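Structure, as structure tokens:
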Amino acid sequence: MEYITLNNGLKMPIVGTGTNTYGKVSHEYNGALTNEIPELISALELGYRSIDGAIMYRNEELVGRVLAESNVPREELFITTKVPANEEYISSKEATRAAIDNSLKNFQTDYLDLLLIHFPIEDKVQLKNTWEVFEEYYEAGKLKAIGVSNFGKNHLDVLKEFANVKPAVNQIQVNLKEPNKDLLAILLEEGITPVAWGPMKAEIHQKEALDEMGKAYNKSGAQVLLRYQIQRGVVVIPKSHNCKNQASNIDLFDFELSAEDVEKINNL
Ligand SMILES: NC(=O)c1ccc[n+]([C@@H]2O[C@H](COP(=O)([O-])OP(=O)(O)OC[C@H]3O[C@@H](n4cnc5c(N)ncnc54)[C@H](OP(=O)(O)O)[C@@H]3O)[C@@H](O)[C@H]2O)c1
């Protein structure tokens with residue numbers, strides 16, 4: 001595994017696994033919870049150490065139990081979760097503190113590696129209050145890094161007005177369908193690590209071109225796309241319910257795309 005260093009010095013695995021449909025009937029986001037996550041067990045066996053969770057996924061407790069029952073030492077894991085931008089969690093500082101305390105309990109840990117605000121909070125006072133609680137837990141060592149998700153430049157600018165701790169990451173959709181080029185450039189420029197959700201989404205013609213390009217590297221088109229992402233400093237959190245795909249999505253460190261191929265992908 002390779003790591004990226006966040007703006008506060010914390011090292012984050014550059015590839016992690018998403019969890020938004022793990023432990024759910026029919027692998028549906030809104031499906032009822034099952035009581036097991038074989039995919040998470042196989043992900044850990046394959047070497048995944050970064051786990052991307054969220055309160056909205058409803059499966060924190062189950063994910064936490066699987067992690068606790070694994071033989072992976074806590075210090076090897078990088079656990080991310082996200083506080084929803086809903087009244088229930090952000091209407092007061094107490095509500096936000098209760099949410100974080102509950103996530104710590106769900107993951108059976110006394111610290112989280114990364115906590116994000118899941119979606120922009122449009123009300124400035126609520127955003128300030130929420131961020132202040134994040135900073136409070138960060139200063140207390142209960143959060144090793146804090147950041148945001150789905151924030152645009154406008155939201156980052158508002159946060160900047162009062163933040164004492166700069167967000168370490170912004171988790172956004174970045175893929176060939178949604179290149180998000182301007183925001184990506186701003187994040188890289190400002191030292192806020194971009195984490196890509198949906199990192200492999202591409203149009204059919206783009207997938208065909210990536211598959212073709214992969215032949216020279218003996219890699220699949222999906223691996224070429226993930227490699228493209230990490231080679232430009234974007235953390236990826238692909239999610240798969242298929243053990244073969246999970247293995248393939250982490251097998252990215254024995255090849256490098258040429259500058260020419262990177263340029264071709266830029267123009268797909
Ligand atoms: N912050 C946010 O608002 C937000 C929003 C969405 C997602 N997320 C996070 O980001 C994670 C990843 O995003 P995502 O789940 O939307 O999309 P994704 O990881 O880009 O794609 C998942 C889909 O791709 C397939 N897949 C995975 N590996 C493959 C491979 N090697 N070859 C071919 N197909 C492959 C999977 O099918 P199989 O199961 O059949 O492999 C699955 O259908 C989520 O799990 C979640 O943790 C965050």
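The values are calculated or read from the model by the stated rules, or taken from the named source; none is laboratory data. The structure presented is a predicted model; accordingly, all values stated were derived computationally and were not measured. Every residue, glycine as well, gets a Cβ built from its backbone with ideal geometry; the counts of neighbours run over all protein chains shown. Ligands, DNA and RNA are stripped out before the accessible areas are found, and what is left, the full protein with its side chains, is counted by its heavy atoms. Shrake-Rupley method; radii C 1.70, N 1.55, O 1.52, S 1.80 Å.
Has segment 255-264 got any residue that is within 16 Å of the ligand (Cβ to nearest atom), in contact (Cβ under 8 Å) with a residue 40 or more places away in the chain and touching a helix residue (DSSP H, G or I) at 6+ places or on another chain (Cβ under 7 Å)?
No, the conditions are met nowhere in segment 255-264.
For residues that are within 10 Å of the ligand (Cβ to nearest atom) and open to solvent by 20 Å² or more (accessible area, probe 1.4 Å), scanning just segment 199-230, find the one that is nearest to Leu10 (Cα to Cα).
The residue in question is Met200.
Out of all the residues in segment 106-117, is one or more assigned to a helix (DSSP H, G or I), touching a residue at least 24 places away in the same chain (Cβ under 8 Å) and farther than 13 Å from Leu143 by Cα?
yes
Being out of contact with any strand residue (DSSP E or B) (no Cβ under 9 Å at 6 or more places or on another chain) and either surrounded by fewer than 14 Cβ atoms within 10 Å (Cβ to Cβ) or among the acidic types (Asp, Glu) (or both): is that true of Asn245 here?
No; evaluated as a whole, the condition is false for this residue.
Checking Glu178 against (1) in contact with a helix residue (DSSP H, G or I) (Cβ under 8 Å, 6 or more places away or on another chain); (2) surrounded by fewer than 20 Cβ atoms within 10 Å (Cβ to Cβ): exactly one of these is not met. Which one?
(1)
Can you name the number of the only condition in (1) outside any loop (DSSP other than H, G, I, E, B); (2) open to solvent by less than 10 Å² (accessible area, probe 1.4 Å); (3) within 28 Å of Lys201 (Cα to Cα) that Leu127 fails?
(3)
Only one of Tyr22, Tyr3, Tyr29 is within 17 Å of the chain's Cα centre (by Cα) and surrounded by fewer than 14 Cβ atoms within 10 Å (Cβ to Cβ); which?
Tyr29
Every residue in segment 14-59 that is β-branched (Val, Ile, Thr) and in contact with a Pro (Cβ under 8 Å, 6 or more places away or on another chain), please.
Passing the criteria: Val15, Thr17, Ile55.
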